[in-house]
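Written out below as structure tokens is the structure these notes cover.
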Amino acid sequence: MDAKTHWENIYTIKAPDQVSWYRPHLETSLALIKRAARDRAASIIDVGGGESTLVDDLLEQGFREITVLDVSQAAIDVNKTRLGKKAAGVHWIAADIALVELEPRAYDVWHDRAVFHFLTRQEHRAAYVRQVARSVKPGGHVIVSTFGPEGPTKCSGLEVVRYDADSLHSEFGARFRLVESSKEIHQTPFGTTQQFLYCYCRVE
């Protein structure tokens, strides 16, 4: 089963709050984006935005140039329905991040919570990093969150790659200057916990 079919199935059969990575609000992500964005006109892409409410919170904060990318059209449709008329102010892309060609130097801030750790093949990770290097403006910021060293080894039936700050940063290379990293214990809707790692980089 390819990635698109897998995630279309997940988002079709499960409610938004019945996936392990669900949070009512992505407080850590929002705080990092607000630090990274120079002003509310900053261009932000949320990779793997799925059914996340991060787009709602970014709009509430006054950000005007928001793109949400997800491999699942079903997930994007849930977000559009929830946002109603506000959805017209967001750019939506249904695509696999390892295959799509994004516009060059289009974004000031790249955000990804829980996509990169699903890229278990080196060539897919390399394609992802090329996308970031191509589409984020020089001086822009990249925020990537994955499962940490003590996080799960599988999620939604798929193998994942766990990272510490050094191993995650090494996937991106020297052009991405690590500003800071942190770990967070995420409480799942099922009463379990998952360790997430956040790396916040500046593109040189």
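Values in this text are rule-based calculations from the coordinates and carry no lab data. Computed from a predicted model, the values in this text were never measured in an experiment. No Cβ is skipped: glycine too gets one built from the backbone with ideal geometry, and neighbour counts run over all protein chains shown.
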Subject >> Under-21-angstrom lysine pairs by C-alpha in the chain, whenever the two are 8 or more apart or on separate chains >> reply: 9
Subject >> q = 0.08, 0.15 Å⁻¹: log10 I(q)/I(0) that the Debye formula gives for the chain, counting C-alpha atoms only >> reply: -0.23, -0.91
Original post:
Antiparallel as a % of all DSSP beta bridges within the chain, to the nearest 5?
Top reply: 50 percent
**OP:** Could you tally the net charge around V144, taking each other residue with its Cβ under 10 Å from the Cβ of V144, Lys/Arg +1 and Asp/Glu -1?
**Re:** -1
**OP:** Compute the distribution of all C-alpha to C-alpha distances in the stretch 66-129, in bins of 5 Å from 0, and list the percent of pairs in each, rounded to whole numbers.
**Re:** 3, 15, 24, 25, 18, 10, 4, 1
**OP:** Find the Cα radius of gyration of the stretch 14-82, compare it with 2.2 N^0.38 Å by division, and give the number to two decimals.
**Re:** 1.09
Original post:
What number, rounded to the nearest 500 deg cm²/dmol, is the helix-based mean residue ellipticity at 222 nm of the chain, given -39500 (n - 2.57) per DSSP H run of at least four residues and division by all its residues?
Top reply: -9000 deg cm²/dmol
**OP:** Return a whole-number percent for the relative contact order of the stretch 1-157, with Cα pairs under 8 Å and 6 or more residues apart as the contact set.
**Re:** 24 percent
Original post:
Taking the C-alpha atoms of the stretch 93-204, how large are the radius of gyration and the largest Cα-Cα span, Dmax, in Å?
Top reply: 13.9, 42
